[in-house]
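What follows is a short report on a single structure.
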Amino acid sequence: MKPQLDQDHGRHLYREMLRIRRFEERCVELYSVEKIRGFLHLYIGEEAVAVGVMQTLGLEDAVVATYREHGHALARGVTADSIMAEMFGKLEGCSRGRGGSMHLFDARTRFYGGNAIVGGGLPIAVGLALADKLQEREHATVCFFGEGAVAEGEFHESLNLAALWDLPVLFCCENNLYAMGTALERSESEIELTLKAASYEMPAWSVDGMDVLAVEAAAHRAVEAIRAGGGPYFLEMRTYRFRAHSMYDPELYRDKSEVAAWKQRDPLVLFERQLREFAFIDDAAVAAVEAEVADEIDAAVEFAEAGTLEPIEDLTRFVYHESTP
Ligand SMILES: Cc1ncc(C[n+]2csc(CCOP(=O)(O)OP(=O)(O)O)c2C)c(N)n1
């Protein structure tokens, strides 16, 4: 973490969070007119986590995420064009239109999904980190997953092997309190997630996931230690999703008042307030970022609209391995 936040970096963080927020708001509109179909899990409310963590990574590091991954992909540098085209199921999408919202993938930025299986990304992250370690590359792998994944065997197997083999991986648990409609305390006997990680002998701490600077500072500390050969780290990001689990969810498991209380801690609003206090932004600067982000998203939608659907002859392509250049 930089000792002092400077204006450029502050504006960059704000802009990155805003890109995710506005991108997903547009996705909701496009979903309602059936331009985007299938599942759509929104990250709105959790933007500070992906943006804060991503600041600590270099291009050679790897990222693994879940099905709620539009924000991670955008913050990682996958272009809005290729993500939107993927949402539309177009060939120009980052997964060739075959993955859709839950399976964004981009080898160029070492973004290894977009994984629809709860907990499924953890063993992938361990494998990537193992490959880096065996090939003596000083890279880190960051794995994002929800707190619902801690109930899966893959969580325990992955943490165990990562610790046993001292692998360079950051387990980043996005604890938004609910796995679909199930509150953490209804599925776990131990709800202090850092204790679970500590039981595998790895450093673990909890972070305010609504505060982008706190996230960045914690991730920076962990990633530096990982790069220095410190083995795996675990961070619990305490966050909240403002929207439904997916597009259809009556949200009977939580009170409206709880949602409203968390919205008081909206990461974008909190950070904007902070930036204004530091005199790093003003109304004109906010308007300029909004306009810039709106242009980027308009262009992405145009790009996706103009994209191509996969020809029917390609239906059975990639069923078996096929090399890509
Ligand atoms: C192995 C597996 N079991 C069940 C599901 C169905 N499912 C999809 S999302 C979800 C909830 C996961 O919650 P969490 O891991 O906390 O992530 P969040 O959605 O809160 O980001 C479940 C149970 C699945 N996709 N994979």
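The values are calculated or read from the model by the stated rules, or taken from the named source; none is laboratory data. Nothing here was measured: the structure is a model prediction, and the numbers come from that model. FYI the Cβ positions are ideal-geometry reconstructions off the backbone, even for glycines, and counts take in every protein chain you see. With ligands, DNA and RNA removed, areas are computed over all heavy atoms of the protein, side chains included. Shrake-Rupley method; radii C 1.70, N 1.55, O 1.52, S 1.80 Å.
What the table shows:
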item: Per residue accessible area of the chain, 1.4 Å probe, in Å²; result: 46 Å²
item: nm² value of the averaged projected area, convex hull over the Cα atoms of region 153-196; result: 3.6 nm²
item: For the chain, calculated [θ]222 nm from helices alone, where every DSSP H run of n ≥ 4 adds -39500 (n - 2.57); result: -13500 deg cm²/dmol
item: Accessible surface of region 194-254, 1.4 Å probe, proportion on carbon and sulfur as whole %; result: 53 percent
item: Cα-centre dipole for region 236-325 with unit charges at Cβ (Lys and Arg positive, Asp and Glu negative), debye to 20; result: 720 debye
item: Where GluC sites (Glu not before Pro) fall in DSSP loop in region 117-200, at most 12 other Cβ within 10 Å; result: E136, E190, E192
item: Relative contact order of the chain, defined on C-alpha pairs under 8 angstrom at six or more residues apart (%); result: 23 percent
item: Lys/Arg +1, Asp/Glu -1 at C-beta; region 1-156 dipole; positive extreme among L91, T79, Y112; result: L91
item: Modelled FRET efficiency - R0 30 Å, E185 with H220, Cβ distances, 0.05 increments; result: 0.45
item: Whole-percent carbon and sulfur share, accessible surface of region 1-56, 1.4 Å; result: 45 percent
item: Alpha-carbon gyration tensor eigenvalues x 5, square-rooted, for region 52-110, Å; result: 20, 11, 9
item: Cleavage-rule hits, trypsin sites (Lys or Arg not before Pro), region 83-181, DSSP coil, Cβ neighbours within 10 Å at most 16; result: R98, R137
item: Carbon and sulfur %, accessible surface of region 271-325 computed with the full protein complex present, 1.4 Å; result: 58 percent
item: Normalised convex hull volume, region 271-325, alpha-carbon set, Å³ per residue; result: 172 Å³
item: Lys, Arg +1 and Asp, Glu -1 on Cβ, resulting dipole of region 176-325 about Cα centre, debye, nearest 20; result: 740 debye
item: Surface/4 of the Cα convex hull for the chain, nm²; result: 17.4 nm²
item: Computed over region 1-153, the ratio Rg/Rh where both radii use C-alpha atoms and Rh is Kirkwood; result: 0.98
item: Options C143, M237, L177, ranked by Cα towards positive dipole end of the chain, top entry (Cβ charges); result: L177
item: Unit charges on C-beta of K, R, D, E only; dipole of the chain, Debye; result: 180 debye
